[in-house]
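First up is the structure itself, then whatever we jot down about it.
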Amino acid sequence: MTDTTEARDAFKNRCTNAARTLAPCVGYFISRISFDAFAEEDSLEITLREGPWKPDVVIVLSNLHYISVDKPPQLVGSFIDEISLIHLPNIPHPWPVDATGRVRRFDGLCELVWLRIVGPAEVDAVASIVTVYTAMSDDQASTDQIT
């Protein structure tokens, strides 16, 4: 039997854990953004890279409700000044003021997650599914031995 509180807070906990993983990514660079609008579940994939000494981080948002990517012309690579991932609960719980203009709220709307990346290029997205992967750094991978 599953505890209903645990099940109810599962998405919020996933968002909190993802936000903790992303917090140290200030100073990383956005190395790739991929958007798939024609799959069964549309998705946004963002790869963050700092260098061979730090792990790459991949953010995948699916079931997108809002997306905005603003990239200045002739920008090659974009470092991250700020990054946040915020849980947006369903009604009647309030949302941050800045989030309210992105998605229309209504009864039956599921919990969402709001990703903001601020730098020379900016990414702003709201989705109902979030996954954050951390890869081994190149330096660590080159020294680890396969057993």
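The values are calculated or read from the model by the stated rules, or taken from the named source; none is laboratory data. Everything numeric in this text was worked out from a predicted model, so none of it was measured. Please note: Cβ atoms are built from the backbone with ideal geometry, for glycine as well, and neighbour counts cover all protein chains shown. Accessible surface is based on the protein model in full, side chains and every heavy atom, while ligands, DNA and RNA are left aside. Shrake-Rupley method; radii C 1.70, N 1.55, O 1.52, S 1.80 Å.
Overview of results
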read-out: Selection from the stretch 92-104 of residues that are open to solvent by 70 Å² or more (accessible area, probe 1.4 Å) and either assigned to a loop (DSSP other than H, G, I, E, B) or closer than 19 Å to THR131 by Cβ (or both); value: PRO92, HIS93, PRO94, THR100, GLY101, ARG104
read-out: Sole exception among (1) closer than 20 Å to ALA18 by Cα; (2) among the polar types (S, T, N, Q); (3) out of contact with any helix residue (DSSP H, G or I) (no Cβ under 8 Å at 6 or more places or on another chain) for SER84, by number; value: (3)
read-out: Scope the stretch 35-86; condition assigned to a loop (DSSP other than H, G, I, E, B), out of contact with any Asp or Glu (no Cβ under 7 Å at 6 or more places or on another chain), buried (at least 16 other Cβ atoms within 10 Å of the Cβ) and not aliphatic (A, V, I, L, M); matching residues; value: GLU50, LYS54, PRO55, ASP56
read-out: Test: residue in the stretch 113-123 that is buried (at least 19 other Cβ atoms within 10 Å of the Cβ) and within 20 Å of ARG8 (Cα to Cα); value: yes
read-out: Some residue of the stretch 39-52 being out of contact with any Cys (no Cβ under 9 Å at 6 or more places or on another chain), of a type in the set (Val, Ile, Thr) and within 20 Å of ALA19 (Cα to Cα); value: yes
read-out: Single residue of the stretch 14-31 satisfying the filter (farther than 27 Å from GLU111 by Cα and assigned to a strand (DSSP E or B)) that is modelled with the highest pLDDT; value: PHE29
read-out: Qualifying residue in the stretch 81-102 (condition: in contact (Cβ under 8 Å) with a residue 24 or more places away in the chain, touching a Gly at 6+ places or on another chain (Cβ under 7 Å) and more than 24 Å from ARG8 (Cα to Cα)); value: yes
read-out: Residue that is nearest to TYR28 (Cα to Cα) [pool: residues in the stretch 41-81 that are in contact with a helix residue (DSSP H, G or I) (Cβ under 7 Å, 6 or more places away or on another chain) and of a type outside the set (Val, Ile, Thr)]; value: LEU48
read-out: Test set (1) in contact with a His (Cβ under 8 Å, 6 or more places away or on another chain); (2) on the phi > 0 side of the Ramachandran plot - ASN63 fails condition number; value: (1)
